[in-house]
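Structure, as structure tokens:
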Amino acid sequence: MNATTWKEKLSAIRDSFSISVAKAPAESPEAIELRYLGRKGELALLLRDLKDIPIEERKVLGALGNTAKEEMTAKLDALKGASGPAGFVLKSDLDLTLPGWPFPKGSLHPLTHTMNRLAEGFLKLGFTMADGPLVEDDYHNFEALNFPPFHPARDMQDTFYVGVKDTSGKDMLLRTHTSPVQIRSMEKQDPPLRVFHTGRVFRSEAVDASHSFAFHQIEGLYVDKGVSMADLKWTVDAFMKDLFGSSVKTRFNPSYFPFVEPGAEVDMSCIFCKGANSAARCPVCKGTGWLELMGAGMVHPNVLKGCKYDPEKWSGFAFGGGIERFAMLLYGIGDMRMLYENDLRILKQVQ
Ligand code: DAH
């Protein structure tokens, strides 16, 4: 072979190499490399033919061959980089228009959602969010709330004791209601005060369709100059209407809680039979037209005094009740246990 033919052959190899690279990914970079640059590839064979060419010309052609090899290697490296991570070959049949993997959306637990809605309602009314511990001492859970030491009122709440004593030698307990947050808020802040709290409470109770040993309550407290029962009634009514719609009515019945005087039970008109109180007995309100929702009342002077609030100067109202009951009414859930079983059909109801 003479030098001219050799050069023509080199040029032909370069052209066909360029075409192969341009057509990739019809052929993988590895296959192109093997065909042109491999030990028995087209360029290697051509370089081997140099032995038949006179030494002076061979040097020049050899240099041309090496330059061609470098260029081709660089192009192949670029092609490999473009085709993704090592070992991953872009296939021409990759269809980027196909739908992706479905990504199931999570949702809030109905109880969390209910607590958020309650919180929104009270934030709108100018209340701020307060907090308190789940493991309480006797003082905050009972004594400061005007439960005398051996008073039968303590029997209203079956308490879980945790087997640890507080600094005064009394047994620590899991809070039986959210009312101790009233005390903790008044200890932290001087009047006037307007706070609410949502959280978990515990009672030694058997589980059934409307009871559990661990459940949730909302608590509210408003202390200022001249606060009256009328303010309590307005606040509770406004909040119920915000949650369940403007046609809902509320009513108060006299009741007893040691930390309020007077105390009341708050009822809401039945949202299912709309208070129709008809002969066809509504299974939710049992035909009474009313649903019991919360306890409430005017903060007892002893409670204010204990927190160093002067009852001659300040008065306040408080209210509290179970959040599960709200959730069941909001989402039409008939059995409280459903809220704890994590059945996806219940959980998916709230988006
Ligand atoms: N803590 C009471 C309970 O768990 C509910 C309650 C009643 C809260 C009256 C109050 C209130 O703030 O004023 O049964």
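The values are calculated or read from the model by the stated rules, or taken from the named source; none is laboratory data. Please read all numbers here as calculations on a predicted model, not as lab measurements. Cβ: placed from backbone, ideal geometry, glycine included. Neighbour counts: every protein chain shown. Just the protein is used for accessible areas: all its heavy atoms, side chains included, with ligands, DNA and RNA removed. Shrake-Rupley method; radii C 1.70, N 1.55, O 1.52, S 1.80 Å.
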Q. What number of residues in the stretch 213-231 are away from the ligand (no atom under 12 Å from the Cβ), closer than 16 Å to GLY295 by Cα and of a type in the set (A, V, I, L, M, F, W, C)?
A. 1
Q | strands (runs of 3 or more DSSP E) contained entirely in the stretch 128-203, each with at least 2 residues that are without any contact (Cβ under 8 Å) to a residue 24 or more places away in the chain and farther than 22 Å from HIS300 by Cβ | A | 161-165
Q) Restricting attention to the stretch 231-243, does a residue exist that is within 22 Å of GLY334 (Cβ to Cβ) and in contact (Cβ under 8 Å) with a residue 12 or more places away in the chain? A) yes
Q: Considering only the stretch 141-171, state which residues are buried (at least 17 other Cβ atoms within 10 Å of the Cβ) and either away from the ligand (no atom under 16 Å from the Cβ) or of a type in the set (S, T, N, Q) (or both).
A: ASN141, ASN146, GLN157, THR159
Q | Candidates VAL201, VAL248 - the one that is within 13 Å of the ligand (Cβ to nearest atom) and of a type outside the set (Phe, Trp, Tyr) | A | VAL201
Q.
Restricting to the stretch 189-203, count the residues that are open to solvent by 60 Å² or more (accessible area, probe 1.4 Å) and in contact with a Leu (Cβ under 9 Å, 6 or more places away or on another chain).
A. 2
Q. In the stretch 51-67, is there at least one residue being in contact with a Gly (Cβ under 7 Å, 6 or more places away or on another chain), open to solvent by 80 Å² or more (accessible area, probe 1.4 Å), of a type outside the set (D, E, K, R) and free of Cβ contacts under 8 Å to residues at least 24 places away in the same chain?
A. no
Q: Just need a number here: residues in the stretch 253-311 that are away from the ligand (no atom under 16 Å from the Cβ) and among the β-branched types (Val, Ile, Thr).
A: 3
